[in-house]
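The values are calculated or read from the model by the stated rules, or taken from the named source; none is laboratory data. These numbers were taken from a predicted model, which means no experiment stands behind them. Please note: Cβ atoms are built from the backbone with ideal geometry, for glycine as well, and neighbour counts cover all protein chains shown. Surface areas here come from the heavy atoms of the whole protein model, side chains and all, with no ligands, DNA or RNA. Shrake-Rupley method; radii C 1.70, N 1.55, O 1.52, S 1.80 Å.
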Amino acid sequence: MKKFDVIIVGAGHGGAQAAIALRQNKFAGTIAMIGDEAEPPYERPPLSKEYLQGEKSFERLLIRPENFWAERDITMLLGQRVASVDPAAHAVTTEAGETYGYGKLIWATGGAPRRVLCDGHHLAGVHTVRTRADADRMTAELPQVQRAVVIGGGYIGLEAAAVLTKFGKKVVLLEALDRVLARVAGEPLSRFFEEEHRAHGVDVRLDARVDCILGETHVTGVRMADGEEIPCEMVIVGIGIIPAVAPLTAAGAAGDNGVDVDARGQTSLPDIYAIGDCARHANSFADGASIRLESVQNANDQATVVAKNIAGIEATYDAVPWFWSNQYDIKLQTVGLSTGFDDAVVRGDPAARSFSIVYLKGGHVIALDCVNATKDYVQGRKLVLERAEIAPERLADSTTPLKEMLA
């Protein structure tokens, strides 16, 4: 059995950053990264945007050049999926039956796209967007596609709809709730994006219930709960992820909707850490509630904390969350977590397509959504960090820079 001082399971943003941070913090032991894809670590957010549009080649998505890993003496075990973990033996076994021993284990597997459970979900032409292979399959099919249905009005769905529209496809977007982005943003932002997509020709349908996906071998349409049939040659499903933690929970790791970690990134199992989309942690920007954060920022920052602790440097996780989304010529930047807000102040004019929404809870700033308003995003970060208490009418005054409101 081959043994390594540290094994990282997962070759995405979190796994890559963990390996990089270990070497940056002078960790001299052996490191192996096990990834279920054949490719070295690459950026995932551009898959539904620049990569799908053909604006970025795959080489430009690589987190580091391919030879970087060998130069840092990091063993890449790609195209392998871990099937089980033995905490007592400090070993993992892959689906192919290979067993590797570890001193410390970092679980950075992210999640698998949630699929619609209705009839027809396995048909050709039904896609999720999580891997390079997913995006490549879509790209290969696009020349034969005139009409597409996007199921899910979150960021993935909206970004995919924007790209398909740029390709000249007729797009219907189906959201089961009464507004898009309902789980992550306030109503003003939801209504803005609904209007933007409709202005670009997307048929945005809210409170939309899917009955099944039609077709014999390849998708031909989507049947709605009311019986309407929407013809299409492609369906894209963007309804969230399921944390990929089954081997850890089977091994006894505590957790519900992910695996639980403490401030150092450690699970309930000895010498096993978890980071990124699959790690459920107490977050101070969510008033200490245990949450999972599906973001590059979270994966990278948690990876750095875990790497430091393994390298003998005491560190805990308390990073301000941030996110972004690009749709058409709109750049959305978010800082903080708006969950549980009790007031939302619109700053600027949405009709001008440059504005911010400041979220308050108990009178304190907890988050900002900034649409083509980078200055507010940069300056608003400090307001979130300090949970600034500023009168809503002051925040609404877009002629006064946010940085001056702390004075």
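With a cut-off of at least 2 residues that are under 20 Å from GLN302 (Cα atoms) and either in contact (Cβ under 8 Å) with a residue 60 or more places away in the chain or over 26 Å from the mean Cα position of the chain (by Cα) (or both), name the strands (runs of 3 or more DSSP E) lying wholly within the stretch 14-98.
Filter on the stretch 14-98 gives 31-35.
Yes/no matrix, rows are residues, columns are (1) of a type in the set (S, T, N, Q); (2) under 19 Å from ILE213 (Cα atoms); (3) open to solvent by less than 30 Å² (accessible area, probe 1.4 Å):
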residue: VAL129; (1), (2), (3): no, yes, yes
residue: ARG137; (1), (2), (3): no, yes, no
residue: GLU141; (1), (2), (3): no, yes, no
residue: GLN144; (1), (2), (3): yes, yes, no
residue: GLU175; (1), (2), (3): no, yes, yes
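For the stretch 303-334, give me each residue that is hydrophobic (A, V, I, L, M, F, W, C) and not in a loop (DSSP other than H, G, I, E, B).
ALA303, VAL305, VAL306, ALA307, ILE310, TRP322, PHE323, TRP324, ILE330, LEU332, listed by residue number.
Can you tell me which residue is most open to solvent (accessible area, probe 1.4 Å) among those in the stretch 99-112 that are touching a helix residue (DSSP H, G or I) at 6+ places or on another chain (Cβ under 8 Å) and assigned to a strand (DSSP E or B)?
Result: LYS104.
Being under 22 Å from GLY340 (Cβ atoms), open to solvent by 10 Å² or more (accessible area, probe 1.4 Å) and within 25 Å of the chain's Cα centre (by Cα) is the filter here; which residues of the stretch 367-386 pass it?
Residues satisfying the conditions are ASP376, TYR377, ARG381, LYS382, LEU385.
Please verify whether PRO392 is surrounded by fewer than 16 Cβ atoms within 10 Å (Cβ to Cβ) and within 29 Å of GLU194 (Cβ to Cβ), treating the condition exactly as stated.
yes
Any residue at all in the stretch 181-190 that's among the polar types (S, T, N, Q), open to solvent by less than 20 Å² (accessible area, probe 1.4 Å) and not in a loop (DSSP other than H, G, I, E, B)?
Yes.
Given (1) modelled with pLDDT under 95; (2) out of contact with any Leu (no Cβ under 9 Å at 6 or more places or on another chain); (3) over 26 Å from ILE34 (Cβ atoms); (4) not β-branched (Val, Ile, Thr), identify the lone condition not met by TYR155.
With respect to (1) modelled with pLDDT under 95; (2) out of contact with any Leu (no Cβ under 9 Å at 6 or more places or on another chain); (3) over 26 Å from ILE34 (Cβ atoms); (4) not β-branched (Val, Ile, Thr), TYR155 is out only on (2).
Which number in (1) exposed (fewer than 15 other Cβ atoms within 10 Å of the Cβ); (2) more than 30 Å from ILE291 (Cα to Cα) marks the one condition that LYS170 misses?
Failing condition for LYS170: (1).
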